[in-house]
Each structure stands twice: as C-alpha cells, then as structure tokens.
Amino acid sequence: MANVDGEWDVVTRSPIGDQRAVLTVRSEGGTFTGTMASPLGALDVNDGRVEGDTLIWTMDMKAPFPMLLTCKATVSGDTLEGGVTAGAFGTSPITGTRKG
C-alpha cells in the first residue's frame, strides 16, 4: 500500500474548466477519510477506500446543483492521477501533487 496520507494540490479538468482544490487524506487500514476544499467550498469524502495504491471515494456535491461525484485516483510517490465521474457530464481527469 502506498503512503496516501497528507494534503494534495489537485486539479480536476471538468467540462466547465479546471477546478483547483486541496484533497486531505487520512487513511486507516483499507479506508480513508478527508475533504476536498476549493474556493467554492469543501466536500467531505464518503465511503473512502484504499486498494493498494488506489484511492476510491464519493462526494455529495450540493452546488451549483446536487450531484454524486465518484472518484478514483492512483498514488505514485508524491503524485496522483485518476478521474472524477459526475453523472451525465462523464469522467474528468484529476491530477495532483502532495503538498510540503
């Protein structure tokens, strides 16, 4: 299992443009908790799982309209890469680097 804990500067390349945020990950065994905070607000990580080097989680977006975001990212050292699926909008790439 990779060291997934910490704060990550992430960018999601969404259909409405690049969305920058800080993903905070605190793992314990095969699960993790955290938040994704951006200028638009913070979303809690729900159902966070750690499978090897991969983080899998959901987030309940409330604004600009309610939507379940399904996320998956693989950690390699101090980088992560994956995707965020947002309903009918499809999957947007997410990349990140560990802070500090």
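The values are calculated or read from the model by the stated rules, or taken from the named source; none is laboratory data. These numbers come from a predicted model, not from an experiment. FYI the Cβ positions are ideal-geometry reconstructions off the backbone, even for glycines, and counts take in every protein chain you see. Just the protein is used for accessible areas: all its heavy atoms, side chains included, with ligands, DNA and RNA removed. Shrake-Rupley method; radii C 1.70, N 1.55, O 1.52, S 1.80 Å.
For the chain, a Gaussian network of Cα nodes joined below 10 Å ranks 82, 48, 90 by mean-square fluctuation, and the top entry is 90. Here each label is just a point 7 Å from Cα along the line to Cβ, and for residue 40 and residue 81 those points are 2.5 nm apart.
Stokes-Einstein diffusion for region 54-100 at 20 °C, viscosity 1.002 mPa s, with a Kirkwood radius from C-alpha pairs, works out to 188 µm²/s. Residue 74 contributes about 70 Å² of solvent-accessible surface, heavy atoms of the protein only, 1.4 Å probe. For region 70-100, list residues with backbone N below 18 Å from a point placed 7 Å from the Cα of residue 5 toward its Cβ? Zone members listed by number: 75-79, 98-100. Averaging 1/r across all pairs of distinct Cα atoms in the chain and inverting the result yields a Kirkwood radius of 13.3 Å. A Förster radius of 22 Å, combined with the Cβ-Cβ distance separating residue 74 from residue 22, puts the computed FRET efficiency at roughly 0.75.
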